[in-house]
Amino acid sequence: MPVRHASKRGVGSSAVAAALLVAGVAAASPALDFDHVFTAAKEPAELHMRVLFRGADGVHRMELWRDHDRRVKRVTDQAIVSLATHRAGEPGYQLTVLDLQKRIATQIDRTNLYRVGNFTDWFDLTHGLRHPKGRYSLTTGTAPAGMPASAAPCDWYRLAQGERTTSICWDAKHRVPLLIASNDHHPIWRVTQIDTKPVPAATYLLDIRGFTVNDANRDIERD
């Protein structure tokens, strides 16, 4: 079968035009706003989830319960229990942390957390996703290779800050990240179970009998 050859000039022009078109589409992909994409608006009133997350010292297991915009309780590795309470519309919150092994109960509020360099806000605490500090770029993305299946449907985004890029799979129904992957495409946050069943009020009660109570607010304000 004879092969027909197009002119080199024609092929070159078409290839260049196609490349410019693709580049133009990529360049036109709009940058997204963190607070607009990862919004808590219309989130479920109550939420319960189980999470695996990776810290500097290895993988940890956490169970979380959230009551509207008022309370959140987290139990990590069956060793650390935290309960934060909050008034809707206000930036501050009060936090109690129980060390079950050392039998120490520490009480501190957000203002004093900031004073000691812990800049966790209410959204960070209740959703497992930190606000970026300084300049960032947020775009739509795809799942990195080898990611486990998500616990519910979610959409992938890429959050770039300096040399660090994080892949986030955001569940727009439950308003939480179901999967977060680091630069090297290893999962650092994975929700393994999630539901919106009513949470018994007793879940948010802390029994600190027999605990040494550490009032961190008092100690910090003395400094």
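Straight-line cross-link partners of K173 among the aspartates and glutamates, defined as a Cα under 12 Å from its Cα and at least 8 positions apart when in the same chain: E43, D155, D195. Report the normalised scattering of the stretch 75-223 as log10 I(q)/I(0) at q = 0.18, 0.21 Å⁻¹, calculated by the Debye formula with identical scatterers on the alpha carbons. Here log10 of I(q) over I(0) equals -1.21, -1.33.
Ellipsoid semi-axes for the stretch 72-155, based on the Cα gyration tensor and the rule √(5λ), read 29, 20, 12 Å when sorted largest first.
For R61, R54, R135, what's the largest-to-smallest order of accessible area, 1.4 Å probe? Please list the in-between numbers first.
Working: R61 160, R54 135, R135 220 Å².
Correct descending sequence by accessible area is R135, R61, R54.
Label-to-label distance for V37 and A149 is 2.6 nm, based on points extended 7 Å past Cα in the beta-carbon direction. Label-to-label distance for H131 and A201 is 3.2 nm, based on points extended 7 Å past Cα in the beta-carbon direction.
Please compute the length gained on full extension between S182 and D57, using 0.36 nm multiplied by the number of residues separating them and subtracting their Cα-Cα distance. Walk me through the numbers on the way to the answer.
Numbers: separation 125, 0.36 × 125 = 45.00 nm, distance 1.57 nm.
My answer for the length gained is 43.4 nm.
Couplings for the stretch 165-178, taken from phi via the Karplus curve 6.51 cos²θ - 1.76 cosθ + 1.60 with θ = phi - 60°, read 10, 10, 9, 10, 9, 9, 8, 6, 7, 8, 6, 9, x, 8 Hz in order; Gly and Pro are left as x.
The values are calculated or read from the model by the stated rules, or taken from the named source; none is laboratory data. Treat the numbers as computed from the prediction; the structure is a model and nothing was measured. As a convention, Cβ positions derive from the backbone with ideal geometry for all residues, glycine included, and neighbour counts pool all protein chains shown. Just so you know, the surface numbers come from the protein's heavy atoms only, side chains and all, with ligands and any DNA or RNA stripped out. Shrake-Rupley method; radii C 1.70, N 1.55, O 1.52, S 1.80 Å.
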